[in-house]
Amino acid sequence: MKAATAAAKKAAAEKEGKEVEEEEPVPMEEEAEEEEEVEVDFEGVDIFGLDDVDDIGDGMPLQKDFASEDWTLISLWFELHLLAHAFKKDCNDEERLGVTLDHLAFYYSKYYRKNLDLKSFGVESFGDLVNLAKDAVLVNKDGVLESNLDEEMENSQVFVKMAEEARRFRTLEIDMGKEDVKLKFQTPQMQMPQIPISAVGNFPAMVANIAGGNAMVGKGTKGKGNGKGVFSQGFGGQDFGKGKGKGKWQQQQKGW
């Protein structure tokens with residue numbers, strides 16, 4: 001009887017041991033997939049050959065080094081560019097070729113409902129102001145404001161590209177000892193938030209708010225101008241950048 005009981009216990013123990021052994025997971029070696037790092041030659045990038053300023057490689061935006069002055073400059077470029085085209089189109093008078101420097105402040109305030117303060121840009125004359133914006137506008141032989149850019153553009157990335165090229169050239173000149181090329185804007189020193197440009201809906205309003213010290217982030221918009229004029233259309237019907245998701249560069253900035 002005792003022998004039978006011992007045998008039963010042994011069999012039960014062996015059975016339990018077998019079941020436990022079967023339940024134990026078999027360790028498997030998994031090969032970790034390493035993300036291939038993309039080296040971005042930021043200084044050597046072909047600025048005007050880029051398709052998307054929001055992602056020049058690995059999620060890095062072209063505007064990553066912009067300060068508030070760069071965004072203020074972009075805002076000035078856009079406003080004067082738009083004013084030159086809008087006035088000519090709205091006026092529709094062959095005898096009135098465009099906005100002269102003497103009337104620039106008046107029409108600027110009419111279109112944008114704010115004063116064009118020379119001191120805020122660190123200049124003393126409207127001629128100096130136009131010279132500051134020479135990448136976008138000029139005063140032509142007839143003495144009126146003229147844009148260097150086409151009225152209709154596929155997208156507005158050119159403003160960011162021009163600003164980055166100007167920033168690099170300005171930095172180079174400062175390094176060479178030319179202190180007078182520094183921008184002397186009297187605006188709050190505020191960095192542009194690290195967000196894709198394509199995530200911002202009203203670009204002109206955004207840069208105007210940032211230049212004034214107020215960060216405004218909106219949602220992107222797509223579509224066409226629906227027959228609106230140059231001034232009323234603005235950037236509303238254009239995508240600024242493609243914004244192809246977050247790359248490794250953006251993750252590193254956020255500490256991901």
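Which of (1) among the acidic types (Asp, Glu); (2) surrounded by fewer than 18 Cβ atoms within 10 Å (Cβ to Cβ); (3) modelled with pLDDT of 95 or more does Asp41 not meet, given it meets every other one?
(3)
Of everything in segment 37-70, what is assigned to a loop (DSSP other than H, G, I, E, B), free of Cβ contacts under 8 Å to residues at least 40 places away in the same chain and closer than 20 Å to Ala136 by Cα? Give them in sequence order.
Asp46
For segment 44-74, enumerate the residues that are surrounded by 23 or more Cβ atoms within 10 Å (Cβ to Cβ) and in contact with a Pro (Cβ under 9 Å, 6 or more places away or on another chain).
Selection gives Val53, Asp54, Asp55, Pro61.
Only one of Leu129, Leu73 is out of contact with any Asp or Glu (no Cβ under 6 Å at 6 or more places or on another chain), part of a helix (DSSP H, G or I) and under 17 Å from Glu165 (Cβ atoms); which?
Leu73
Looking at (1) of a type in the set (S, T, N, Q); (2) out of contact with any Phe, Trp or Tyr (no Cβ under 9 Å at 6 or more places or on another chain); (3) closer than 17 Å to Gln186 by Cβ, which is the only condition Asn115 fails?
Checking Asn115 against (1) of a type in the set (S, T, N, Q); (2) out of contact with any Phe, Trp or Tyr (no Cβ under 9 Å at 6 or more places or on another chain); (3) closer than 17 Å to Gln186 by Cβ, the one that fails is (2).
Going by the conditions given, is Glu124 touching a residue at least 40 places away in the same chain (Cβ under 8 Å) and not in a helix (DSSP H, G or I)?
No, not satisfied.
The values are calculated or read from the model by the stated rules, or taken from the named source; none is laboratory data. Predicted model, so just to flag it, every value in this text is computed and none were measured. Positions of Cβ are generated from backbone atoms using ideal geometry, with glycine treated the same way; all protein chains shown enter the neighbour counts.
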